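The values are calculated or read from the model by the stated rules, or taken from the named source; none is laboratory data. Model, not experiment: these values are computed from the prediction. Every residue, glycine among them, receives a Cβ derived from its backbone with ideal geometry; neighbour counts consider all protein chains shown. Heads up: the accessible areas ignore ligands, DNA and RNA and are worked out on the full protein's heavy atoms, side chains in. Shrake-Rupley method; radii C 1.70, N 1.55, O 1.52, S 1.80 Å.
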Amino acid sequence: MDCIFCGIVNGQIPSKKVFESDEVIAFEDIQKAAPIHVLVVPKRHMESIMDLPDDDLTLLSKLQQAIKEVARLTGAAESGFRVITNKGTPAGQTVFHLHYHILGGRELERSLG
Ligand code: AMP
Ligand code: ZN
């Protein structure tokens, strides 16, 4: 499988890592849209938020905890931040491995799309 984020998870593709736990990794977006722009990613490959299991919320809660930890580590918790996950090409998804954008460090537009 040719997946950029799986490559980052297994160390074949370099990244600026911000946080890592047993099931989650977070690294800086290569093309920052804000002073703070970090991607929170499950290590296990799944295409989008729709592929998170319905009957086991463990990974979901680990992703949520990672988002909070990244917000603390980057200063986004103080500056204010937005969390975005895109599902599907019409929504703007370009990498088909689930990820949450954490954007902060500046005033963000009110627009939600
Ligand atoms: P999305 O459009 O929601 O699928 O977001 C994909 C994000 O991945 C974009 O913001 C890209 O800038 C980012 N991205 C792509 N390749 C890399 C990479 N090698 N390292 C870090 N971020 C990346
Ligand atoms: Zn992947």
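How many Å² of accessible area per residue for the chain, probe 1.4 Å?
Result: 61 Å² of accessible area for each residue.
So, R0 is 30 Å and r is the distance between the beta-carbons of A77 and M46; what FRET efficiency does that work out to, to 0.05? All intermediate terms of the calculation are to be shown ahead of the outcome.
Details: r = 27 Å, r/R0 = 0.89.
Efficiency computed from Cβ-Cβ geometry: 0.65.
Any idea how far apart D2 and E23 come out in nm if each label point goes 7 Å out from Cα toward Cβ?
3.0
By how many degrees, between 0 and 90 and to the nearest 10, does the Cα long axis of helix 58-74 differ from the longest principal axis of the chain?
30
Given the options T85, T74, T94, state which has the largest fluctuation in a GNM of the chain using a 10 Å cut-off (strictly under) for Cα springs.
Fluctuation is largest for T94.
When you take every Cα atom in region 4-104, what is the radius of gyration, and what is Dmax, the widest Cα pair distance, in Å?
12.8, 36
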